[in-house]
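Report on one structure; see the data block that follows.
The values are calculated or read from the model by the stated rules, or taken from the named source; none is laboratory data. No experiment lies behind these values; they were computed from the predicted model shown. Reconstructed Cβ throughout: ideal geometry from the backbone, glycine too, with neighbour counts over all protein chains shown.
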Number of protein chains: 4
Amino acid sequence: MSYQSLKEECYEANMLLPKLHLVVFTFGNASVVDREKGVFAIKPSGVPYEFLRPEDIVICDFDAQVVEGTKRPSSDTKTHAVLFKNWEKIGGIVHTHSTYATAWAQAQLDIPILGTTHADHLTTDIPCAPPMDDEMIKGNYEYETGYQVLNEFERRNLSYEEVEMVLLGNHAPFTWGKTAEKAVYNAGVLEAVAQMAYLSCTLRPDVPRLKQTLIDKHFFRKHGKDAYYGQGC
Amino acid sequence: MSYQSLKEECYEANMLLPKLHLVVFTFGNASVVDREKGVFAIKPSGVPYEFLRPEDIVICDFDAQVVEGTKRPSSDTKTHAVLFKNWEKIGGIVHTHSTYATAWAQAQLDIPILGTTHADHLTTDIPCAPPMDDEMIKGNYEYETGYQVLNEFERRNLSYEEVEMVLLGNHAPFTWGKTAEKAVYNAGVLEAVAQMAYLSCTLRPDVPRLKQTLIDKHFFRKHGKDAYYGQGC
Amino acid sequence: MSYQSLKEECYEANMLLPKLHLVVFTFGNASVVDREKGVFAIKPSGVPYEFLRPEDIVICDFDAQVVEGTKRPSSDTKTHAVLFKNWEKIGGIVHTHSTYATAWAQAQLDIPILGTTHADHLTTDIPCAPPMDDEMIKGNYEYETGYQVLNEFERRNLSYEEVEMVLLGNHAPFTWGKTAEKAVYNAGVLEAVAQMAYLSCTLRPDVPRLKQTLIDKHFFRKHGKDAYYGQGC
Amino acid sequence: MSYQSLKEECYEANMLLPKLHLVVFTFGNASVVDREKGVFAIKPSGVPYEFLRPEDIVICDFDAQVVEGTKRPSSDTKTHAVLFKNWEKIGGIVHTHSTYATAWAQAQLDIPILGTTHADHLTTDIPCAPPMDDEMIKGNYEYETGYQVLNEFERRNLSYEEVEMVLLGNHAPFTWGKTAEKAVYNAGVLEAVAQMAYLSCTLRPDVPRLKQTLIDKHFFRKHGKDAYYGQGC
């Protein structure tokens with residue numbers, strides 16, 4: 001099998017999604033990049049997780065052209081390609097329709113930063129990109145979806161290395177990270193944070209955002225040069 | 001065992017319902033049609049899923065008369081019969097009382113189309129048929145239930161091949177498809193969409209419907225002659 | 001082991017409660033009566049389900065006195081005794097703190113009859129008995145709890161053979177039935193109905209009650225002389 | 001392995017947290033004290049539960065200095081140390097970000113006492129300590145977190161032996177008990193009570209608190225010299 005280890009890594013990342021209750025049926029996909037070869041591995045389109053095998057994984061280049069594989073790649077492949085091409089330090093991308101994150105995306109609302117669970121992972125509200133213009137939707141939709149994310153990050157002056165997740169308005173979340181495993185982890189964190197924020201907001205509609213000192217404290221004890229969370233490796 | 005493969009297919013479809021957390025106790029049933037023989041197989045009435053065996057499945061004709069089997073068929077058999085008789089291209093029907101879909105049915109509300117998870121599967125709100133007139137309820141209730149669905153689709157000018165699910169007001173959902181497996185899949189999709197819509201609506205009561213370009217884009221990338229989702233088979 | 005089969009039946013009924021996700025830790029108990037011997041079997045107090053054994057079950061008479069067993073019986077034993085003594089046709093009782101039913105009890109609200117899932121099992125709102133007077137609470141509390149249920153059924157003119165469940169205001173549900181297995185089933189039905197009603201009421205606060213013709217239709221197709229649901233045995 | 005039994009007890013307590021669905025990923029930690037040796041065992045920082053081994057557990061003194069172990073201890077170690085040092089009768093502490101309890105903490109609301117499930121375990125609302133002053137956050141944060149809890153209990157005149165749980169505003173819960181196992185149990189009770197209170201409050205925003213006679217009745221049948229719940233050992 002060519003690209004064997006890349007395919008296996010991609011397979012393992014995909015299989016974590018149903019295990020973490022982030023996808024049902026075929027509602028999601030994970031990809032892994034090989035920067036040296038200029039390709040990424042991605043789930044084939046419409047294949048249920050329970051039947052997925054490592055050899056089904058498709059290899060594509062950054063223009064979303066299939067390089068290797070007998071299956072058709074995920075219908076979201078162009079979105080992955082745009083993100084991999086433009087954000088050079090990410091190693092993996094995950095797309096799910098996880099329940100609470102998708103509910104926020106449908107409501108076209110940013111997920112407000114309300115607690116330290118959120119601040120442990122990012123210092124801003126989780127951005128919800130607005131639905132695209134009709135022209136973009138009718139055109140090269142999945143390709144434009146990638147640009148909708150890039151543009152929203154630029155418009156808000158966000159760094160993709162600090163904010164590793166986004167909601168696509170009316171659609172669902174994308175997450176990424178230095179590795180595919182980290183992208184999967186971020187998808188799980190997003191769903192947990194989305195659920196807690198839903199509960200806090202329905203319990204107390206005027207719930208205040210977390211104050212800046214707490215945001216900074218929790219983020220920088222896990223990230224950056226003065227971090228002291230974890231085993232330092 | 002006569003009708004062995006039909007019974008086994010029906011048995012398998014039924015057993016997916018508790019596995020997908022769509023039924024508890026005996027709150028649901030699945031059926032499979034054999035168009036050549038003019039019969040369908042359906043779950044027996046009131047038999048808990050954990051005790052169900054393939055040989056318990058009952059074979060009925062399109063007037064809901066038992067053709068083969070030692071058990072009494074589901075109390076909803078006449079509803080299945082009416083739908084099979086009138087909608088000639090469906091191969092299976094599923095009835096559940098799945099939690100979120102039933103909550104919408106009890107509220108007598110259509111499930112509004114709020115996101116692409118919904119639009120991936122149908123282009124309209126999920127219709128909630130109103131409760132029946134008292135005359136119909138007191139009469140041939142389960143037979144009239146089938147006609148309530150047929151009439152509601154006619155009234156709204158909906159195609160059963162495009163919209164494969166309905167809520168019965170005050171009652172619960174029915175779904176169908178070209179195969180029983182697809183009908184089960186639709187029951188799972190409906191429950192996922194119903195939960196997300198519940199969450200979006202309680203989070204933001206004035207949540208807007210999905211715009212038409214996004215509805216069309218998502219539906220037609222999965223359905224029709226220009227579809228490019230899945231493996232094309 | 002004396003009363004072996006009674007203890008084993010009680011043990012099996014109790015073990016269904018965590019299996020059906022109706023209890024955590026020690027938050028519940030099931031009992032089974034032997035009318036001929038004038039005794040009932042009940043879970044011992046404070047024993048976690050994972051350590052419960054058939055020989056731990058305690059045998060009591062209808063005055064809640066221990067007849068046989070080395071453990072102390074459930075702290076709710078007097079409530080069970082009062083119900084067994086006064087309602088001669090019940091064979092088992094279940095008490096849980098299941099999540100949604102208890103949330104309704106805490107809100108001191110009847111669960112309104114909103115759908116056929118509810119009407120399949122009873123024709124009225126699920127009654128919530130008010131919290132007891134201070135005198136009753138400070139007195140023989142668990143004994144008075146039984147009378148609070150009896151009195152509420154009398155006040156509302158309800159039949160315990162038709163309505164096999166109650167919420168105790170501020171506390172949690174009790175259910176019963178002709179057998180302990182039916183009482184467990186009713187505890188599961190109550191939790192499912194309580195969750196659906198919660199969702200319908202938060203989605204649409206002015207949700208209407210089910211109309212009487214539908215209530216009667218669904219109840220009487222499962223109960224009474226003209227029932228045609230199930231296998232008739 | 002030094003401190004072998006202490007490490008194993010700590011390991012077992014930690015492993016109960018994912019089993020009880022109270023933590024995902026690394027979002028929690030449990031500790032156990034050895035009062036004679038003046039040390040406590042705690043989970044290492046950032047180690048996922050599925051990879052945790054007894055030998056990874058870290059031993060610290062009451063000033064949060066590592067006494068034994070090759071891993072870095074939990075980033076919350078100083079909070080545990082402050083509580084162990086000041087509250088001499090507790091044997092274990094648990095910190096989680098369990099979903100419903102954290103939602104209340106994010107909303108900066110006490111969990112009101114609404115039912116007997118709550119009163120079975122404590123007689124007051126579950127206190128939510130306010131977020132700390134900016135000076136405390138920027139200073140010795142985790143150490144100050146411990147003092148925030150101590151000060152809140154003093155301000156409210158609460159006994160840590162009677163109220164074995166607290167919410168940290170904007171953050172998440174801490175629970176404790178005479179043993180680590182009791183602290184884990186309390187974390188589970190808190191999550192169950194938090195969910196029921198969320199449901200009751202969203203169902204009926206003006207839901208009344210439990211009346212004092214019921215609070216006293218339920219608490220004192222389980223606690224103190226006249227308790228009659230459980231097996232008396």
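Taken over segment B:190-233, the criterion of being in contact with a strand residue (DSSP E or B) (Cβ under 8 Å, 6 or more places away or on another chain) and under 25 Å from B:GLU88 (Cα atoms) is satisfied by B:LEU190 alone. The set of residues in segment C:61-70 being in contact (Cβ under 8 Å) with a residue 24 or more places away in the chain and either among the hydrophobic types (A, V, I, L, M, F, W, C) or surrounded by 19 or more Cβ atoms within 10 Å (Cβ to Cβ) (or both) consists of C:PHE62, C:ALA64, C:VAL67, C:GLY69. When segment B:148-177 is limited to residues that are hydrophobic (A, V, I, L, M, F, W, C) and more than 19 Å from C:LEU114 (Cα to Cα), the one that is surrounded by the most Cβ atoms within 10 Å (Cβ to Cβ) turns out to be B:TRP176. D:THR123: out of contact with any Lys or Arg (no Cβ under 9 Å at 6 or more places or on another chain), among the β-branched types (Val, Ile, Thr), outside any helix (DSSP H, G or I) and over 27 Å from A:HIS21 (Cβ atoms), yes or no? Yes; evaluated as a whole, the condition is true for this residue. For the subset of segment C:180-198 comprising residues that are surrounded by 24 or more Cβ atoms within 10 Å (Cβ to Cβ) and in contact with a Leu (Cβ under 8 Å, 6 or more places away or on another chain), which member is nearest to the other protein chains (Cβ to nearest Cβ)? Restricting to residues being surrounded by 24 or more Cβ atoms within 10 Å (Cβ to Cβ) and in contact with a Leu (Cβ under 8 Å, 6 or more places away or on another chain), the top hit is C:MET196. Checked against the criterion of being acidic (Asp, Glu) and either assigned to a helix (DSSP H, G or I) or within 14 Å of chain C (Cβ to nearest Cβ) (or both), the candidates D:GLU162, D:GLU152 yield just one match: D:GLU152. Looking only at residues of segment B:127-146 that are assigned to a helix (DSSP H, G or I), in contact with a Lys or Arg (Cβ under 9 Å, 6 or more places away or on another chain) and not acidic (Asp, Glu), we find that the one that is farthest from the other protein chains (Cβ to nearest Cβ) is B:GLY146. Annotation note: of A:THR70, A:THR26, the sole residue that is over 21 Å from the mean Cα position of the chain (by Cα) and within 11 Å of chain B (Cβ to nearest Cβ) is A:THR70. From the list B:LYS89, B:LYS43, the one residue that fits, being among the charged types (D, E, K, R) and closer than 25 Å to B:PHE153 by Cα, is B:LYS89. Every listed requirement among (1) assigned to a loop (DSSP other than H, G, I, E, B); (2) more than 14 Å from chain C (Cβ to nearest Cβ) is met by B:HIS171 save one, (2).
For segment D:205-233, the set of residues classified as touching a Ser or Thr at 6+ places or on another chain (Cβ under 8 Å), surrounded by 16 or more Cβ atoms within 10 Å (Cβ to Cβ) and aromatic (Phe, Trp, Tyr) consists of D:PHE219, D:TYR229, listed by residue number.
May I ask you to verify whether B:PHE174 is among the aromatic types (Phe, Trp, Tyr) and at pLDDT below 95? Judged against the criteria, B:PHE174 is not a match.
Pairing residues of segment B:201-229 that are more than 10 Å from every other protein chain (Cβ to nearest Cβ) with residues that are among the hydroxyl-bearing types (Ser, Thr, Tyr) and in a loop (DSSP other than H, G, I, E, B), at Cβ distances under 7 Å and at least 6 apart in sequence or on separate chains, gives B:PHE219/B:THR123. Among the residues of this structure, B:HIS118 counts as one that is over 29 Å from B:ALA41 (Cα atoms), assigned to a helix (DSSP H, G or I) and more than 11 Å from chain C (Cβ to nearest Cβ).
Here C:ASP56 does not qualify as away from every other protein chain (no Cβ under 14 Å) and out of contact with any Ser or Thr (no Cβ under 6 Å at 6 or more places or on another chain). When C:ALA81, C:ALA107 are screened for being small (Gly, Ala, Ser), crowded, with 20+ Cβ neighbours inside 10 Å and within 13 Å of another protein chain (Cβ to nearest Cβ), only C:ALA107 passes. Taken together, the criteria place D:GLU36 among residues that are closer than 18 Å to D:THR179 by Cα and more than 20 Å from the chain's Cα centre (by Cα).
With respect to D:ALA101, is the statement that it is in contact (Cβ under 8 Å) with a residue 60 or more places away in the chain, crowded, with 24+ Cβ neighbours inside 10 Å and within 17 Å of the chain's Cα centre (by Cα) true? In short, yes.
Considering segment A:124-136, the residues that are at pLDDT below 95 and touching an Asp or Glu at 6+ places or on another chain (Cβ under 9 Å) include one that is surrounded by the fewest Cβ atoms within 10 Å (Cβ to Cβ), namely A:GLU135.
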